[in-house]
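Single-structure report; data block below.
The values are calculated or read from the model by the stated rules, or taken from the named source; none is laboratory data. All figures in this text were calculated on a predicted structure; none of them were measured in a lab. Methodologically, a virtual Cβ is constructed for each residue, glycine included, from the backbone with ideal geometry; neighbour enumeration extends over all protein chains shown. The accessibility values were calculated without ligands, DNA or RNA, using every heavy atom of the protein model including side chains. Shrake-Rupley method; radii C 1.70, N 1.55, O 1.52, S 1.80 Å.
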Amino acid sequence: MGAPGLSDEYSPPRLSRLLHSLPHINVTLHRVNDTFAPNSPIYLESLGILGSIPGAWLIFTLTVLLLYLLTRCCDRKQRPPRSIIALKITLMILSVLCCGAIGVGLFGNDDLHNAMLQSIQAGNQLAGLVNTIKNQSSIIEEAMGSRARVNLARVADALDAPVANQTALGTVLRALSALRNNASAAASAADNLRRPLAALNLDAVMKRAWVLEAARWAGGMAGWCCGGAVCVALLAAAARRSRRALLLLCVCALGALVSCWAAGAVLTAGAVAAADACQEPARAIAHHAPHRLPVDMVYYYLSCKVSRENVLTAELRNAQRAVVAVRQALAVLSRSAPQMFTDSELQPALGALGAGTGEAERALVSLSGALECRTARAYFVAAARAACDGGLQALSLQLLAAIAAGFLFTAIVLVDSHAWIYINTKRSGSGEEQAPFLSSGSSAATRSLPRPNALPQRETALVQRRGAANGPGR
């Protein structure tokens with residue numbers, strides 16, 4: 001039976017099928033196999049070509065911006081105030097739209113984080129299942145191995161005493177031999193169960209996946225927030241009509257543009273690769289995950305498709321048969337040996353063997369449930385659903401947000417370049433805009449001429465007296 005509350009049915013999501021249908025081509029523009037194969041150079045080449053589409057658009061965009069700036073950087077012609085106001089309004093609208101696209105990217109980044117955490121949680125449940133198999137196998141191996149050998153040696157020493165009934169002695173000795181052989185067979189089967197999984201440490205894998213996902217989430221949030229900060233700063237610079245701030249933010253917007261299209265290239269290749277893997281996630285994990293387990297065994301537990309008897313299931317049956325035989329032989333010994341021998345060590349040794357056999361039987365019950373393929377399949381399907389459904393949607397949402405932000409930052413660079421090239425003014429102390437360099441007209445000349453000094457008061461009085469004296473004579 002599967003884990004309670006979990007379904008072992010899986011089908012690729014619609015978005016996964018859509019992205020998987022994108023043509024996978026090589027450098028000669030011929031279609032190649034679209035089966036997920038990260039170890040194949042041809043497959044990686046097809047992913048690189050798909051991811052190079054945003055990269056090619058980035059190169060085209062940078063070329064256009066370079067040509068535009070070369071033609072406009074020396075343009076010093078004054079523009080009417082209305083055109084500059086229109087540039088400010090356009091820049092503010094583009095900044096608001098870009099903030100919206102970045103908000104979508106933040107939402108997609110957080111949604112992808114939640115989906116990956118769900119997948120990691122299901123992976124932790126699988127790790128618990130593997131640990132259960134290891135622990136219960138170790139219990140059987142110890143109970144039927146080292147501890148059983150000590151008690152079997154004590155029973156054998158007790159049976160060395162002479163007895164008259166040789167027929168009964170033969171029956172007891174045959175039971176002891178069967179007990180010894182079957183206990184050894186059970187310990188060997190338990191060791192064969194544990195040995196293939198000894199090198200598999202899913203706890204460490206899940207912990208490493210959690211650390212990588214936390215770093216990816218933090219990096220994504222930081223990147224999107226930096227883009228949002230550029231947009232908000234552009235709003236403030238456009239409102240204040242600060243030429244220096246617009247020039248600085250134009251460079252920042254250019255860097256954000258490059259980052260958006262570079263992220264778009266990575267997200268395109270990643271989304272297509274994830275969609276290819278989500279077509280058959282069990283086969284992808286079995287063939288390409290970094291483990292040392294047999295591929296058919298991994299595929300059996302992840303897909304629950306029985307093609308032949310699984311190795312672990314065969315060893316479980318061997319252990320079950322051996323423990324049943326140990327119980328039967330122990331029953332013969334416990335019934336006959338105490339009546340024939342009076343050694344004080346016999347009864348405690350038989351009791352210890354019975355207790356060890358009980359532990360092995362309980363461990364086999366736990367192993368039977370843990371080795372059932374439907375349990376592992378249910379946990380794996382939960383992880384695959386979280387990654388291939390919600391995770392792939394969030395990844396695609398970030399891709400669309402990066403593309404939209406790339407186009408908007410391109411428009412912002414163009415409009416911002418218009419703004420800081422055409423705004424040739426600076427604010428004076430009174431807040432009025434005046435020309436920063438030489439101004440035409442008489443006002444500048446008037447401001448530049450020094451004011452004449454006033455005549456001294458003594459000379460002024462002398463002139464007035466001379467005028468008064470000459471006046472009546474005339």
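Results, tabulated for the structure shown:
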read-out: Listed residues ALA262, ALA273, SER368: farthest to the positive end of the dipole of the stretch 227-370 (Cβ charges); value: ALA262
read-out: Radius 13 Å from Cβ of THR35, net charge of other residues (Lys, Arg +1; Asp, Glu -1); value: -1
read-out: Apportionment of accessible area to carbon and sulfur, the stretch 222-364, percent (1.4 Å); value: 61
read-out: Additional length obtainable on full extension of the chain from VAL27 to ASN114, 0.36 nm per residue less Cα span; value: 27.6 nm
read-out: Nearest-0.05 FRET efficiency for LEU247 and GLU45, computed from C-beta distance (R0 35 Å); value: 0.25
read-out: Within the accessible area of the stretch 71-213 (1.4 Å probe), percent carbon and sulfur; value: 60
read-out: Projected label distance in nm at VAL258 and ILE89, using a 7 Å step from Cα toward the beta-carbon; value: 3.4
read-out: Förster radius 22 Å - calculated FRET efficiency between LYS207 and THR35 (Cβ-Cβ, nearest 0.05); value: 0.15
read-out: Area accessible to solvent at PHE60, 1.4 Å probe radius, in Å²; value: 110
read-out: Sites LEU70 and HIS288 - FRET efficiency at Förster radius 41 Å, r taken between beta-carbons, to 0.05; value: 0.25
read-out: Environment charge at ILE140 (Cβ cut-off 15 Å; Lys +1, Arg +1, Asp -1, Glu -1); value: +3
read-out: Additional length obtainable on full extension of the chain from VAL311 to THR63, 0.36 nm per residue less Cα span; value: 83.2 nm
read-out: Most positive-pole-ward Cα, GLY108, LEU58, ALA153, against dipole of the stretch 44-188 from beta carbon charges; value: LEU58
read-out: Residues whose placed amide H lies under 5 Å from that of ILE25, excluding near-sequence neighbours; value: VAL32
read-out: Listed peptides 123-132, 26-35 by packing density, highest first (mean Cβ within 10 Å); value: 123-132, 26-35
read-out: Simple spin-label estimate for ASN131 and LEU173 in nanometres, 7 Å along Cα-Cβ; value: 4.9
